[in-house]
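A.B. asks: The following block contains the structure, expressed as structure tokens.
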Amino acid sequence: MTNNDKKIIESTEWITADELAQRWSVTARTVHNWRKRGIISKFALSLPGQGWRFDAQAIENFFRSRHEADLNKPSEKDEN
């Protein structure tokens, strides 16, 4: 791990599955299912003896961009 990687990790707001679940009004089980399915796995970090932690801001940005993409997608109604 490079010094730059360490700085990024240290400056990131890492939260637990329970905290992320509370922010998104889902269960911790849903958060772990998203991680296992690869939806948010690139924003997750397993810490020895502490369990999984999630990059709160990166996940927020990811879901926001997905939501905006869905909003900008033409609907079937628009295409007909």
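A.B. asks: Give me the pairs: first residue in region 62-77 and modelled with pLDDT of 80 or more, second residue not in a helix (DSSP H, G or I), beta-carbon distance under 6 Å, and six or more apart or on different chains, which are they?
C.D. replies: Sorted first by the residue in region 62-77, then by its partner, the list stays empty.
A.B. asks: Across region 34-71, what is the number of residues that are touching a Ser or Thr at 6+ places or on another chain (Cβ under 8 Å) and of a type in the set (Ser, Thr, Tyr)?
C.D. replies: 0
The values are calculated or read from the model by the stated rules, or taken from the named source; none is laboratory data. Keep in mind it's a predicted model, so treat the numbers as computed, not measured. Cβ atoms come from the backbone with ideal geometry, glycine included; neighbour counts cover every protein chain shown.
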